[in-house]
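Read-outs: derived from the displayed coordinates by stated rules, not from any lab. Note that this is a predicted model, so its numbers are computed, not measured. Note that each Cβ is placed from the backbone with ideal geometry, even for glycine, and that neighbours are counted across all protein chains shown.
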Amino acid sequence: MDYLSKVAEQLKSLQASTSGQLTSIGGLIAEQLRQGGIIHLFGCGHSSLLAQEPFYRAGGLVPVRPITIEPLMLHQGAVQSSIKEKTVDFVNDYLLEEDIREGDVLIVISTSGRNPAPIDVALFGQKKGAYVIGLMSKKYASSQPSRHPSGKRLEQVVDVVIDTQVSVGDSMIEKEGIAQAFAPASSVIGTALIQALFAKTIVCFKELGEAPPIFLSGNIDGVEQHNQSLVEKYKDRIKF
């Protein structure tokens, strides 16, 4: 089976197993947004790409803000990013600058759920009173212990887990004659789940009787006023 078929198969399985959960979480997020909260997303390494993907996105929710701690992102050095993700207390000073408030939503993305940086971000969000969501694979739980000094894994410090069901090692394909499994899935699966969740949130927001805050594509004539009005609404909390 090729990569696209494997991904399609997993997405179909996730549609069946997570649809009700995403609707429930989407309703909660919509209510938080209606009351003035925003959505923060955090990840390290390739998970940082998922945190940035729904930000300032045509067709996407407006009150979305990635937490961009640059030494944990790929562009300052992938090896160093991986080392710092595993370093106890590395994120703490950076988090002092983060405006996470009671009533906000925080999505922490970590496929393995075991490293200190995402766990510390989740703990910080809990302390601030945010609703904290872990986007991760529960398949790691039984074989990959926490690297956090508390001994806790990500699923133990969040309000709810959205399980990506990604295999341990994050590779989808095995082939005779090739020693390692290959073709990572976490980015495709994670992005799909985030967008599915936000789509549910938008529908739930409308069901609360208000117009959902959605960006229009900047490549369509005549949308500038619409988008600028939304930027103005949230500019005190999000740097667009």
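Details
- For segment 116-138, the candidate set comprises residues that are closer than 11 Å to GLY43 by Cα and in contact (Cβ under 8 Å) with a residue 40 or more places away in the chain; within that set, the residue that is surrounded by the fewest Cβ atoms within 10 Å (Cβ to Cβ) is LEU135.
- Some residue of segment 180-187 being surrounded by 20 or more Cβ atoms within 10 Å (Cβ to Cβ) and aromatic (Phe, Trp, Tyr): no
- Segment 139-172 - residue that is surrounded by fewer than 17 Cβ atoms within 10 Å (Cβ to Cβ) and of a type in the set (D, E, K, R) and, of those, farthest from SER5 (Cα to Cα): LYS152
- The one condition in (1) closer than 30 Å to ALA211 by Cβ; (2) out of contact with any strand residue (DSSP E or B) (no Cβ under 9 Å at 6 or more places or on another chain) that ILE109 fails to fulfil: (2)
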